[in-house]
Amino acid sequence: MTTMTLRSDLQQIADWIAPKSAVLDLGCGDGALLAHLRDVKGCRCYGVEIDDDNVLAATRLRVNVLQADLESGLRMFDDDRFDTVVLSQTLQAMHRSEDILRDMARVARQGVVSFPNFGHWRNALSLVAGRMPVAPDIPYQWYDTPNIHLCTLKDFEILAAQCGLRVTDRSLLARGEPVHWLPSLRATLALYRFETR
Amino acid sequence: MVQRPGSVGVVRPQTLHFAQPLRLTSGASIADYTLMYETYGELNAARSNAVLVCHALNASHHVAGLHAENATSAGWWDNMVGPGKPVDTNRFFVVGVNNLGSCFGSTGPMSPDPATGKPYGARFPVVTVEDWVDAQARLADALGIEQWAAVMGGSLGGMQALSWTLRYPRRLRHCVAVASTPKLSAQNIAFNEVARTAIRSDPDFYGGDYYAHGVVPRRGLSVARMIGHITYLSSEDMAEKFGRMLRAQDYAFGYEVEFEVESYLRYQGDKFSEYFDANTYLLITRALDYFDPAKDHNGDLTAALAAARARFLIVSFTTDWRFPPVRSREIVEALVAHDRDVTYAEIDAPHGHDAFLLDDVRYHRLVAAYFDLIHGETRVSPHESPLPRESGAGAGVGAQT
């Protein structure tokens, strides 16, 4: 059993996932979310992860982790194989952001995506001041960032609609706490839950 | 507590004779046979900590430790199996067995055919991975092992581990298959065929009955080994090890060994031809060719793996072009389709197929972590009331050492 408390954004994702459902976590990191879903909700889980240290950490949590590069797609998984597919803080670092969303729709009925909100006021201010933003959720310089596809809430919602995804829930966080007032400017992290058909 | 990894020390091979005929995949059967094996560590009281290690083409039961009479020759997976090593013999009772048809003490083409009293030679029946697994299951019976904690192997050894999950799904909890494949490709079979042709066209082969002529098809066997070796190394690895290095200052404008890579291959071939049996080489490469659990399911691997119940650790290496990662992924995909527990690692290592035998910290720490989990499941500590080391004799089976 996992005893550690989940990071608040992962807890929000976990709250959107039905007990005993089949879950695929793309970019599952150290497997904390999947271990939690397995132990607390009795879910059947698989994670995809590329980093060696994360694969090892997830293995130690007895998570079903498959080492692979998400850029090469989700060919490993049959259509409709899962109830929920999760892409947590990974979308912004992918070359083929649209393709991965469409592939997610293929393998699961429900999707969850989280990403840093590029529309945060501090980022806008930084641009006005003539510099690319560097912030706790996007802590890289423009020339060495893995985050090549940063977006705002509205940007994501438009792409989701283009991909035929129907957003059912949205959770906007700053420092792990929900943001209700001017969220598109004040949230640092956006989480979306959507139906894929 | 961190313990410095060590060796299991001096080990003594043992033999078990099986008097009951073994029916083979081909329809033939072997009337009786002997298997050579070694064990390391202690079987716990619950008999829940046994690990079977399956060997590949040219290895044997000698997985770890040293033989008293040959103190320089460590077991073939000595970096994997031992006290404090990834498969920790302080926790697990590890069994290595020489497969039927091999040439390191188990019954094979060099053994006397009871019908004639002469070596089997070419008359030794063709055996398959499945036949080996059946023979291993009888060894497990004799050792009192109802269920393995894990069956593991690399390459052809991984095929045996996979086959265990299909033939005896309830008799293992974990399958660890490294650098393996669910079946050979046309290219793999082609390389095997070139190797077999080299052996069979050696004038000293005598249709497989060279024993009677007091010779060994050494040249053919040597060429077979050279071909095999090329497929075990990555192109990058070869370039780094040998490049275009010459043994002398410049070209000699002849056909003797000039490049370092030629020298290396000849040395490997010659060394191999001194200890390996040519008929065994034919037999084991054929077993490789024939392995294809999907064959009885119209080529559908997913259907073939429906019977599996074990948890899996599948490992591949990025530069392995003999059994590349895509082949391991086929196994993983089929397991995911059946909702089986599986961990899959793709190790970015430069050493090609051979990587499964070499030290690589990412590879070994992952296997160690996986075996930590297995250890956590074995409820009884191996140090509580251990069984006597040689508890081999089961019903109808006589132990001899």
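The values are calculated or read from the model by the stated rules, or taken from the named source; none is laboratory data. The structure displayed is predicted, hence computed values, not measured ones. In this analysis, Cβ positions are derived from the backbone assuming ideal geometry, glycine residues included, and neighbour counts consider all displayed protein chains. Side chains are part of the model used for accessible areas, which takes the heavy atoms of the whole protein and leaves out ligands, DNA and RNA. Shrake-Rupley method; radii C 1.70, N 1.55, O 1.52, S 1.80 Å.
In the range B:20-37, the residues that are at negative phi form Cβ pairs under 6 Å with partners that are open to solvent by less than 40 Å² (accessible area, probe 1.4 Å) and of a type in the set (F, W, Y), at six or more places apart or across chains, as follows: B:Y33/B:F18. From the list B:D237, B:D300, B:D270, the lone residue that is touching a residue at least 40 places away in the same chain (Cβ under 8 Å) and either within 30 Å of B:S163 (Cβ to Cβ) or aliphatic (A, V, I, L, M) (or both) is B:D237. For the range A:34-50, a residue qualifies if it is within 11 Å of another protein chain (Cβ to nearest Cβ) and within 21 Å of A:I100 (Cα to Cα), and the qualifying residues are A:C45, A:Y46, A:G47, A:V48, A:E49, A:I50. Hey, does the range B:78-97 have a residue that's in a loop (DSSP other than H, G, I, E, B), farther than 14 Å from B:A287 by Cβ, touching a Ser or Thr at 6+ places or on another chain (Cβ under 7 Å) and touching a residue at least 24 places away in the same chain (Cβ under 8 Å)? There is at least one residue in the range B:78-97 that is in a loop (DSSP other than H, G, I, E, B), farther than 14 Å from B:A287 by Cβ, touching a Ser or Thr at 6+ places or on another chain (Cβ under 7 Å) and touching a residue at least 24 places away in the same chain (Cβ under 8 Å).
Taken over the range B:305-324, the residue count meeting the criterion of being in contact with an Asp or Glu (Cβ under 8 Å, 6 or more places away or on another chain) and open to solvent by 10 Å² or more (accessible area, probe 1.4 Å) is 3. Can you say whether A:A161 is closer than 28 Å to A:M76 by Cβ, surrounded by fewer than 16 Cβ atoms within 10 Å (Cβ to Cβ), out of contact with any helix residue (DSSP H, G or I) (no Cβ under 7 Å at 6 or more places or on another chain) and at pLDDT 95 or above, as far as the supplied structure shows? Yes. For the range A:60-90, the tally of residues that are within 7 Å of chain B (Cβ to nearest Cβ) and charged (D, E, K, R) stands at 3. Look at (1) within 14 Å of chain B (Cβ to nearest Cβ); (2) surrounded by fewer than 20 Cβ atoms within 10 Å (Cβ to Cβ) and you find that A:H95 fails only one, number (1). Checking the structure you have, find out if any residue of the range A:154-163 is under 15 Å from the mean Cα position of the chain (by Cα), closer than 23 Å to A:E98 by Cβ and not aliphatic (A, V, I, L, M). Yes, the range A:154-163 has at least one match. If the condition is being within 14 Å of chain B (Cβ to nearest Cβ) and among the small types (G, A, S), then the range A:98-119 contributes only A:A108.
Looking at (1) free of Cβ contacts under 8 Å to residues at least 12 places away in the same chain; (2) over 18 Å from the mean Cα position of the chain (by Cα), which is the only condition A:R186 fails? Result: A:R186 passes all but (1). What are the residues in the range B:332-369 that are crowded, with 18+ Cβ neighbours inside 10 Å, within 20 Å of B:D78 (Cα to Cα) and facing chain A (nearest Cβ under 7 Å), if any? Hits for the range B:332-369 are B:L366, B:A369. Look at the range B:370-387: where a residue is hydrophobic (A, V, I, L, M, F, W, C) and surrounded by 13 or more Cβ atoms within 10 Å (Cβ to Cβ) and a partner is modelled with pLDDT of 50 or more and not in a loop (DSSP other than H, G, I, E, B), sitting 6+ places away or on another chain with Cβ atoms under 6 Å, you get B:F371/B:V87; B:I374/B:A149; B:I374/B:A150; B:I374/B:H174.
Here the helices (runs of 4 or more DSSP H) wholly within the range B:183-255 that include at least 1 residues being within 30 Å of B:K118 (Cα to Cα) and of a type outside the set (A, V, I, L, M, F, W, C) are B:186-200, B:218-232.
Scanning the range B:198-237 for residues that are under 24 Å from B:D354 (Cα atoms), among the acidic types (D, E) and open to solvent by 30 Å² or more (accessible area, probe 1.4 Å) gives a single hit, B:E236.
Matching residues to (1) over 18 Å from B:V81 (Cβ atoms); (2) among the β-branched types (V, I, T); (3) out of contact with any Cys (no Cβ under 8 Å at 6 or more places or on another chain):
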{"site": "B:N98", "(1), (2), (3)": "no, no, yes"}
{"site": "B:G101", "(1), (2), (3)": "yes, no, yes"}
{"site": "B:M110", "(1), (2), (3)": "yes, no, no"}
{"site": "B:G117", "(1), (2), (3)": "yes, no, yes"}
{"site": "B:F124", "(1), (2), (3)": "yes, no, yes"}
{"site": "B:V133", "(1), (2), (3)": "yes, yes, yes"}
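Of all residues in the range A:117-136, those that are hydroxyl-bearing (S, T, Y) have Cβ atoms under 8 Å from Cβ atoms of residues that are part of a loop (DSSP other than H, G, I, E, B) and surrounded by 12 or more Cβ atoms within 10 Å (Cβ to Cβ), 6 or more apart or on another chain, in A:S126/A:M132; A:S126/A:P133; A:S126/A:V134. When A:D83 is tested against (1) part of a strand (DSSP E or B); (2) open to solvent by less than 20 Å² (accessible area, probe 1.4 Å), only condition (2) is not met.
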